[in-house]
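Here the structure comes first, spelled out in structure tokens, and everything after it is commentary.
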Amino acid sequence: MTDTSRSDPAASQAAAAELLGAISIVRRTVRRATRQAWQQEPLPPAQSELLRLAADRPGMTVADAAQELRLAPNTVSTLVGRLTAAGLLDRARGAADGRTAVLTVTDKARLRIAEFRDLRAELAGVALAGLSPADQQALAVAAPALRRLAELMETRG
């Protein structure tokens, strides 16, 4: 954004709309390209998101996952049941409170997550290599700013 857009809310909003539109296109394209190249049956987005969250935070509870994902606890319980049946997630009773379900990903899930992540990175890397050096540099510089934008939106949302 330019200095003008910082003081002009309409310019900031227009820049944000353009940025979010571009991010949406990239996300859809990455998802489509990865699913076409992926050899396994893709997980539904909600299951995939829960699995990644459980991998990032081993031992979290269903209630924690529901809060983090902004879903109803019974919805997360259903997702947990499906992922458990697929051998991707383990649900155990919490040590402190036997009524609490503690989630951990299985080795099968860790391998699946790593393979999917590596495939996405490979596909994006090939595409990135096709961009000009200036575009590559602009994207490299933009990544930390995009993370900060997400953090600000999360704290204000």
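Points worth noting:
- When residues of segment 56-100 are limited to those that are in contact with a strand residue (DSSP E or B) (Cβ under 7 Å, 6 or more places away or on another chain) and β-branched (Val, Ile, Thr), the one farthest from Glu154 (Cα to Cα): Thr84
- Any hit, segment 1-12, residues being of a type in the set (Asp, Glu), more than 25 Å from Arg112 (Cα to Cα) and part of a loop (DSSP other than H, G, I, E, B): yes
- Qualifying residue in segment 77-87 (condition: of a type in the set (A, V, I, L, M, F, W, C), out of contact with any helix residue (DSSP H, G or I) (no Cβ under 6 Å at 6 or more places or on another chain) and surrounded by fewer than 12 Cβ atoms within 10 Å (Cβ to Cβ)): yes
- When the criteria are applied in full, Thr34 meets the requirement of being in contact (Cβ under 8 Å) with a residue 40 or more places away in the chain and either assigned to a helix (DSSP H, G or I) or surrounded by 15 or more Cβ atoms within 10 Å (Cβ to Cβ) (or both).
- Condition check for Ala95: assigned by TED's automatic domain parsing to the domain that holds Ile113, of a type outside the set (Asp, Glu) and either touching a residue at least 12 places away in the same chain (Cβ under 8 Å) or outside any loop (DSSP other than H, G, I, E, B) (or both): no
The values are calculated or read from the model by the stated rules, or taken from the named source; none is laboratory data. Small disclaimer: the values here were computed from a predicted structure and weren't measured. Counting neighbours? That spans all protein chains shown, and the Cβs are built from the backbone with ideal geometry, glycine included.
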